[in-house]
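Trainee: Before I ask anything, here is the structure I am working with.
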Amino acid sequence: MSLRPDLALVADLIPRGSRVLDLGCGSGELLAHLIEEASCRGTGVEIDPGQVLSAIRLGVPVIELDMDNELDDFSDHSYDVVVLSRTVQTLRRPAAVLRHMGRIADQLIVSVPNFGYWPHRLRLLGGRMPMGRDLPYSWYDSPNLRFTTLVEMEELFAKEGLQIERRIPLTPSGRPITAPDRLANLFAGAAVYSLRA
Amino acid sequence: MDTTPPTGSVGLVSTSTVRLFTADAPLHLERGGTLGPVDVAYETYGTLSPKADNAVFVCHALTGDAHAAGFHEGASRPGWWDNLIGPGKPLDTDRFFVICANLIGGCQGSTGPSSTDPETGAAYGLRFPVLMVRDLVEVHRALVKHLGITRLLAAIGGSLGGMQVLQWAADHPDEVANALVIAASSRLTAQNIAFSAVARRAIMTDPNFVDGAYAQAGVNPDTGLSIARMMAHITYLSEGALTEKFGRAPHPNRQEPGFGIDFAVESYLDHQGQAFLERFDALSYLYLTRVMDYFDPFADACALDAVRESPVKWLVLSFATDWRFGTDHSRRIVKTLEHAGQPVTFREIPSSWGHDSFLLAVEPYHATLRAFFDRAYEEVAP
């Protein structure tokens, strides 16, 4: 099974044999890969019924719950790695979720779309809300509730005491960008962070 | 209601009976003491694979029986879980060998309080031992062994059935690869026990209960047993389901307001109570409700030691409008299993039908079971 490029990047950040909690696991593709190929164990969390069914069919343990309110069920340090992939922008209480993640595991992997990506800035200058491959929705039907740039995301990480171990800025198609790292907030459509609690 | 048309039937079936324990080699009970002989009524559907690795055990709930699927000779109604079990159905008998047994303590073919006590030659009555869920599981295990199976591909049950699955897989993870625990509880609340207490009181204060010796006296505590069933039935349905079915509709024969059956819902409950008398025994009702009251497997700190060593794949389901064993009960099970490092899957199924939903062909519910069983089958598919 070949993994979506952005998920493959996440998978590479996870040590073999880890116990992984994947928040917003979708159809369970990442966990299925980690269980199969990297001797990991894990649990997915997902709220979309169709995705939950797909994960069950793949043999990925998945718990249907509301991340904004029900992460208390996971105990402290019960996982090695907790993943939040392209989900932080859909949360009502992203700071609270990050706090839970830091409590549940020592390593956090967060991927986030960057609203500071230059085409989005141009669109906004032209009087329209950002849209594109990473942000394919109109403002009125978007599941995204939170709009952040990489700079502001990193401010929140710092505020929550999370240290950035690695940052991988991505193109909209999910491949690492070649531009200089300091220009990531302008040239990355998204980024993957590996953090330490 | 969301229903899917039945895809296939297992057809004509019959119940078998086997003696699994004898007076000389009795069942040793969890609380001490023994029970023997022990006869068990059971049915099977589908074909056991040459490696005996495709068996799925169905644990029934409080008032179920061994007849889970297909039709008995001359019957117009199929078994109680026929919408789930059959060729092409989620529990597909073209793939799985399905076993369902009547519980001991019950009254539909397996040894229970109305069976003959070999010591007295009369029915046990209240001399029958108080049972625990683990005792029910020990008998299931003996049946599985008798059928030449060392490891079940899955065990599934709703309500009290789910409690048996939980106990079984937690105690013997080497015998159950996949455990499906549906609309169950790991610990009854005071409210749950209270409802059962009123049901038992209705039975035991019926003058025809005769301290449990009603069979010898040639009577039956019909009034008490039917009241117990009427009340329990209210707890099986959600308020919304009763509203949708009956609302405040009058009974067709209603004249002036009085104290007969004035509302349609009263007629329905009356019918449920009366129909129950045909198929259930008052003593079994006492014993099997007590089994549930005492169930508390996680009270034992070592309860999950075995599954920590040898994890089981769990599927835990609850129904949104179930107020008997609602989502909080299932989430307690999920949380405890997850803390023990188990691969556990949980869903709360949207359904307006309350606790009874686990017996219905609610679409997202059956889709979930199908996905889980299809995946489980890959473990043994030829």
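Trainee: Please tell me the relative contact order of chain A in percent, rounded to the nearest whole number, where contacts are Cα pairs under 8 Å and at least six residues apart.
Mentor: Details: 375 pairs, mean separation 37.5, N = 197.
With pairs under 8 Å counted, the relative contact order is 19 percent.
Trainee: Could you sort B:71-78, B:96-103, B:204-211 so that the peptide with the highest average Cβ count within 10 Å comes first and the rest follow in order? Let's see the in-between values first.
Mentor: Working: B:71-78: 11.8, B:96-103: 26.5, B:204-211: 15.5.
Result, highest mean Cβ count within 10 Å first: B:96-103, B:204-211, B:71-78.
Trainee: Same structure, new question: Go through the stretch B:344-380 and name the GluC sites (Glu not before Pro) that are in a DSSP coil and have 15 or fewer other Cβ atoms within 10 Å of their Cβ. The partial results should precede the final answer.
Mentor: Details: sites: B:348, B:378, B:379; in loops: B:378, B:379.
Sparse-neighbourhood loop GluC sites (Glu not before Pro): B:378, B:379.
Trainee: Given only helices, namely DSSP H runs of n ≥ 4 each adding -39500 (n - 2.57), what is the per-residue ellipticity at 222 nm of chain A, to the nearest 500 deg cm²/dmol?
Mentor: Values: 7 runs with 60 residues, N = 197.
After summing the helix terms and dividing by the residues of chain A, the value is -8500 deg cm²/dmol.
Trainee: Given the C-alpha atoms of the stretch B:1-107, compute the convex hull and give its volume per residue in Å³.
Mentor: Dividing the Cα hull volume of the stretch B:1-107 by its residue count gives 144 Å³.
Trainee: Between the stretch B:325-382 and the stretch B:175-196, what is the C-alpha centre distance in whole Å?
Mentor: 13 Å
Trainee: Could you give the dipole magnitude of the stretch B:192-290 about its Cα centre, charging the beta-carbon of Lys and Arg +1 and that of Asp and Glu -1, in debye to the nearest 20?
Mentor: Working: 8 positive and 11 negative charges, 50 e Å.
Here the size comes out at about 240 debye.
Trainee: Compactness ratio of the stretch A:5-196: Cα Rg over 2.2 N^0.38 Å, N = residue count?
Mentor: Normalised Rg, Cα atoms only: 1.00.
Trainee: Apply the Karplus parameterisation 6.51 cos²θ - 1.76 cosθ + 1.60, with θ equal to phi minus 60°, to every residue of the stretch A:169-182 and state each ³J(HN,Hα) to the nearest whole Hz, in sequence, with x for glycine and proline.
Mentor: Using θ = phi - 60°, the values come out as x, 10, 6, x, 8, x, 9, x, 7, 9, 4, x, 4, 5 Hz.
Trainee: Then there is this: Taking each pair of distinct Cα atoms in the stretch B:126-276 once, what is the resulting Kirkwood hydrodynamic radius in Å?
Mentor: On the way: mean 1/r = 0.0535 Å⁻¹.
Taking every pair of different Cα atoms in the stretch B:126-276, averaging 1/r and inverting gives 18.7 Å.
Trainee: Between residue A:183 and residue B:378, how high is the FRET efficiency from 1/(1 + (r/R0)^6) when r is the Cβ-Cβ distance and R₀ = 51 Å? Nearest 0.05. Before the final figure, lay out the partial values.
Mentor: On the way: r = 47 Å, r/R0 = 0.93.
Calculated transfer efficiency: 0.60.
Trainee: In terms of modelled amide H atoms, which long-range or inter-chain residues lie less than 5 Å from the amide H of residue A:165?
Mentor: Correct list: A:194, A:195, A:196.
Trainee: Which values, in whole Å and largest first, are the semi-axes of the equivalent ellipsoid of the protein assembly as shown obtained as the square root of 5 times each eigenvalue of the Cα gyration tensor?
Mentor: Semi-axes from the Cα gyration tensor: 52, 27, 21 Å.
Trainee: What average count of beta carbons from other chains do you get within 10 Å of the Cβ of residues in A:62-70?
Mentor: Details: counts 5, 9, 8, 5, 0, 0, 0, 0, 1.
Mean shielding count: 3.
Trainee: Hey, rough spin-label estimate for residue B:339 and residue B:271, points 7 angstrom out along Cα→Cβ, what's it come to in nanometres?
Mentor: 4.6 nm
Trainee: Largest first and to the nearest Å, give the Cα extent of the stretch A:19-64 along each principal axis.
Mentor: If we take the Cα atoms of the stretch A:19-64, the spans are 27, 17, 11 Å.
Trainee: Plugging the Kirkwood radius over Cα pairs into Stokes-Einstein for the stretch A:100-197, at a temperature of 4 °C and a viscosity of 1.567 mPa s, what D comes out in µm²/s? It would help to have the intermediate numbers written out before the result.
Mentor: Working: Rh = 14.1 Å.
Estimated via Stokes-Einstein, D reaches 92 µm²/s.
Trainee: Determine the equivalent ellipsoid of the stretch B:174-229 by diagonalising the alpha-carbon gyration tensor, then write out the semi-axes as square roots of 5 times the eigenvalues, largest first, rounded to whole Å. List each step's numbers first, then the result.
Mentor: Working: eigenvalues 213, 53, 16 Å².
After diagonalising the Cα gyration tensor, the semi-axes are 33, 16, 9 Å.
Trainee: Let me confirm one metric for peptide A:53-59, namely the mean number of other chain beta-carbon atoms within 10 Å of its residues' beta-carbons. Provide the component values of the computation, followed by the final result.
Mentor: Numbers: counts 7, 1, 3, 12, 8, 2, 10.
Taking all residues of A:53-59 together, the mean is 6.
Trainee: Under the rule of -39500 (n - 2.57) per DSSP H run of 4 or more residues, summed and divided by the residues of chain B, what mean residue ellipticity at 222 nm is obtained, to the nearest 500 deg cm²/dmol? Mind dumping the intermediate values first?
Mentor: Numbers: 10 runs with 125 residues, N = 382.
Result for chain B, helices only: -10500 deg cm²/dmol.
Trainee: Further, regarding this structure: Hey, got the dipole for the protein assembly as shown? About the Cα centre, +1 on K and R Cβ, -1 on D and E Cβ, debye to the nearest 20?
Mentor: Numbers: 50 positive and 68 negative charges, 301 e Å.
Rounded to the nearest 20 debye, it is 1440 debye.
Trainee: Can you pull the Rg over Rh of chain B, Cα-only, Kirkwood? Mind dumping the intermediate values first?
Mentor: Numbers: Rg = 20.5 Å, Rh = 21.5 Å.
Reported Rg/Rh (Cα atoms, Kirkwood Rh): 0.96.
Trainee: Something else: Over 28 Å between C-alpha atoms is what I'm after, so list which of B:89/B:313; B:145/B:335; B:245/B:313; B:89/B:145 land there. Provide the component values of the computation, followed by the final result.
Mentor: Details: B:89/B:313 21 Å; B:145/B:335 32 Å; B:245/B:313 37 Å; B:89/B:145 26 Å.
Pairs exceeding 28 Å: B:145/B:335; B:245/B:313.
Trainee: Stokes-Einstein D for the stretch B:300-348 at 10 °C, 1.306 mPa s, Kirkwood Rh over Cα pairs, in µm²/s? Please list the in-between numbers first.
Mentor: Values: Rh = 11.4 Å.
For the chosen part, D equals 140 µm²/s.
Trainee: So, in nm, how far is label residue A:92 from label residue B:120 when the simple model puts each one 7 Å beyond its Cα toward the Cβ?
Mentor: Distance between the two pseudo-spin positions: 6.0 nm.
Trainee: Residues of the stretch A:100-115 with backbone nitrogen within less than 19 Å of a virtual label 7 Å along the Cα-to-Cβ line of residue A:147, please, listed as ranges.
Mentor: A:112-115
Trainee: By what distance, in whole Å, do the Cα atoms of the stretch B:192-290 stretch along each of the three principal axes, largest value first?
Mentor: Answer, in whole Å and largest first: 42, 29, 21 Å.
Trainee: Would you work out which of A:108, A:78, A:125 lies farthest towards the positive end of the dipole of the stretch A:77-128? Charges go on Cβ: Lys and Arg +1, Asp and Glu -1.
Mentor: A:125
Every number here is computed from the coordinates shown, using simple stated rules; none is lab data. Note that the structure is a prediction, hence the values are computed from the model and not measured. Don't worry about glycine lacking a Cβ; one is built from the backbone with ideal geometry, like all the others, and counts go over all protein chains shown.
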